[in-house]
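Before any comments, here is the structure.
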Amino acid sequence: MTDTSANLITRTFAKVQLKTLLIVPFVLQTVGMVTLVGYFSYLSSQESVEKLADQLMTEVGDRIEQHLDSYLGKAQEINRTNVDAFESGILDLNDFNALGKYFYRQVQSFNFTYVNFGSKEGGFIGAGYGLGNKLEIGEIPVSDQSKSRSYSVDDQGNRLKLAATLKNPQYSNAAWYLDAVKAGRPIWSSIYTWADLPDRISISASTPVYNTQKNLLGVLGIDLELSQISRFLKRLNSRRSGHIFIIERSGLIVASSGDESPAPIINGKATPLKALNSREPVIRDVTQHLMQEFGSLQAISQPQSFRPALEQKPFVRVTPYRDDYGLDWLVVTVIPESEFMRKIHANAHRTLIICALALVIAIGMGSFTAYWIAKPILRLSRASQAMAKGEWQDSLSEDIAIAELKVLATSFNLMSAQVKKTFQESEEKFAKIFRTSPDLISIVSITDGIHLVVNDQFFALTGYTHEEVIGHTVDELNLMVHSLQAKEIYNLLQTQQRIRNYEMELRTKSGEIKIGLLSSELIELDCQIFILSVFKDISQRQQIELALKASELRLRSILDYAPAFISGVRLYSLDNWEYEYFSLGIEAISGYTGEEIAANPSLFSSLILPEDQETVVRPILSNLFTENFFTTIEYRIRHKNGSLRWIANTINIRWDETTSSYYATGVILDITKRKYAEIALRESETKFSIIFNTTPDPVWIATLATGRLLNVNESFCQFWGDTQNWQKLSLTFNNLPVANVAIQTG
């Protein structure tokens, strides 16, 4: 944690009372725990509700499916039975009187709306619930198809009297007849309304009847009124505020648990109602969501449960219902969230009440506990503040009921006594150090610049007396040599609060100028701001530094004008080294300037001829890191102008303890002229030796003083007959022929 962060936290919590710190966390903890428990309980309850809602909707869907299987499947089964009866010869489709009784008994037994037969020739016979929802037998004779006649019947299906006569409704054009003829097999007709009863909405289990030659004879139909399905849905949903409805894939409403008719009468004509046009918001919104979610109603192939983003956030389950006769409906169950969430909301309300009571209790208990704990701590805090101001008070009372606080009070009393003693000793030590410090120390008021306190060194260095300094300003004593420095020091203190090692000049009483390093900072004493300054006299040290710089300058001049390249190199390894110093003689030797060498320390090494690098330099490098290494090597370099130069390089290496590295001193001389002179001498001697030994005349060399032979050629040896031991011959130039005499003096 940085000092800035720590200071920010300290300033923040310095304003918070102990009572608040004791109460607030306790209250927050209590509220937090109750809130978390309530929240997780709410989530758990909501999850359970979702599972329960899904189970309930699944159960409702199963019951609806069972009812539809029973109600609708029975009609197809009876139709199949009627066809079998006809094909076996039991049932005569031309005997309308017998057919009427037969259909009547089926209506009574199975609670169908209408059981009927329509012949290909236009005849019709049926029994069921007609006008006034009364049981009747309806007939259109083949011989007279102009009218439809309805007869009241007794319990056995016998006709009693003609109840009504209506215009022929042309049953052969109705959906129950045409759909079966087109399909050529048992089917469910499309939903249709009765011509004479437009408010009656039905669907028919229709089966075409053929003779043995596969010729159509007519259609057997069993009408089922869809209102019966709606009544079942109402009973199923009677205790709930939800909604159940059945729709076709085309979006038309089949049945609903509501009061809305699937085919309302508009201008005297029953019109099938689309779910999107329903006046029930639930049916309309859920259908719209289904079409948006799946793209179309035809895309729903499996049971689906979901929660659309509607106003009441209902639970919705849609279940496809299909059979083998072409029926393809969607059963939609909608249960509003409020159906299950009442108890959960009640529990949440109780949780809020419990939380509020817990909060009140927590605040009360926390306040009492805080007061009980904070009272002795407050006394301790006040005593600490007084001690910090130097106001020493009597010892704190140790009669405290809380054991820890009693120990704290006892410890504080002991600490207070020890601090008082230490403080007094520290004051004495500080006063002694302040007085005897070798540096000038002063405390000056920042408002008017008056000296408040100075040490003895101040008087000794400036030459002023106590009376001349205390109560007088810096300007009055004329201490500052440069007035601009005084302004700069003041500005730095205002912005940075402190100054460290600021070099300045100070004028003494005698006018002597002292050079020193000033360190100052702002301090607070008795709620006032003062400047504490320490001035370290460095006049003598600066004179020594100036003399040292002058000496270094002279040495540098000597080295730079020396006809050699003198360098100092810091060695860490063969691949890690750097120049600490090199003379300007490098340019005369290599042609490169000191700036070029400094920019590329390895430049000089690259000038060494490769063959000398391998045979002379590298063998020396392997022995560099030895104690007190010293050697001189000779090698060639390629001058910047392309010429070859011979170099004599003297290397001295020593270990430097202060930097834990090797320090190498090198002196490089250009010995090109000497090297070429040596080569010329060797060539001259070689030529003389060849002439001396190949001349045909005897030649000898002897000293002038003694006549002793020093050297002879091969012809001389052959002349005297001794080629090996001529030096042992006692011959001198005195008894030798004088021709070809070479005399060496000395």
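The values are calculated or read from the model by the stated rules, or taken from the named source; none is laboratory data. Keep in mind the model is a prediction, meaning the values are calculated, not measured. Positions of Cβ are generated from backbone atoms using ideal geometry, with glycine treated the same way; all protein chains shown enter the neighbour counts. When the accessible area is computed, the model is the full protein with side chains, heavy atoms only, and any ligands, DNA or RNA have been set aside. Shrake-Rupley method; radii C 1.70, N 1.55, O 1.52, S 1.80 Å.
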Assess whether THR422 counts as being more than 56 Å from the chain's Cα centre (by Cα), over 17 Å from LEU532 (Cβ atoms) and of a type in the set (S, T, N, Q). no
For residues that are of a type in the set (A, V, I, L, M, F, W, C), assigned to a loop (DSSP other than H, G, I, E, B) and within 17 Å of GLU280 (Cβ to Cβ), tally how many sit in region 294-316. 1
Filtered residues of region 446-484 (kept if polar (S, T, N, Q), open to solvent by less than 20 Å² (accessible area, probe 1.4 Å) and within 18 Å of GLU521 (Cβ to Cβ)): ASN455
Might you let me know whether region 237-250 holds any residue that is basic (Lys, Arg) and either modelled with pLDDT under 85 or open to solvent by less than 10 Å² (accessible area, probe 1.4 Å) (or both)? yes
Write out, first by first residue and then by second, each pair whose Cβ atoms fall under 9 Å of each other, whose residues are 6+ apart or on separate chains, and whose first residue, in region 480-499, is free of Cβ contacts under 8 Å to residues at least 24 places away in the same chain while the second is surrounded by 14 or more Cβ atoms within 10 Å (Cβ to Cβ) and polar (S, T, N, Q). LEU492/SER520; ILE499/SER519; ILE499/SER520; ILE499/SER533
How many residues, within region 586-619, are over 21 Å from ILE653 (Cα atoms), in a loop (DSSP other than H, G, I, E, B) and small (Gly, Ala, Ser)? 1
Condition check for GLN213: in contact (Cβ under 8 Å) with a residue 40 or more places away in the chain and either surrounded by fewer than 22 Cβ atoms within 10 Å (Cβ to Cβ) or assigned to a helix (DSSP H, G or I) (or both): no
Selection from region 317-337 of residues part of a strand (DSSP E or B) and not aliphatic (A, V, I, L, M) yields ARG317, THR319, PRO320, TYR321, ARG322, ASP328, TRP329, THR333
GLY184 versus (1) surrounded by 12 or more Cβ atoms within 10 Å (Cβ to Cβ); (2) modelled with pLDDT of 85 or more: which is the lone unmet condition? (1)
Can you list the strands (runs of 3 or more DSSP E) lying wholly within region 431-522 that have 2 or more residues being in contact with a Gly (Cβ under 7 Å, 6 or more places away or on another chain) and within 13 Å of VAL534 (Cα to Cα)? 498-507
Please tell me if SER622 is of a type in the set (Gly, Ala, Ser), under 30 Å from LEU571 (Cα atoms) and at pLDDT below 75. yes
Do we have any residue at all in region 633-642 that's surrounded by 13 or more Cβ atoms within 10 Å (Cβ to Cβ) and closer than 19 Å to VAL569 by Cα? yes
Determine which single condition LYS120 fails, assuming it passes every other condition in (1) open to solvent by 10 Å² or more (accessible area, probe 1.4 Å); (2) touching a residue at least 12 places away in the same chain (Cβ under 8 Å); (3) within 19 Å of LEU162 (Cβ to Cβ). (3)
Answer residue from region 42-58, given it is surrounded by 12 or more Cβ atoms within 10 Å (Cβ to Cβ) and charged (D, E, K, R) and is modelled with the lowest pLDDT among those: GLU50
Single match in LYS514, LYS487 (criterion: of a type in the set (D, E, K, R), at pLDDT 80 or above and open to solvent by less than 40 Å² (accessible area, probe 1.4 Å)): LYS514
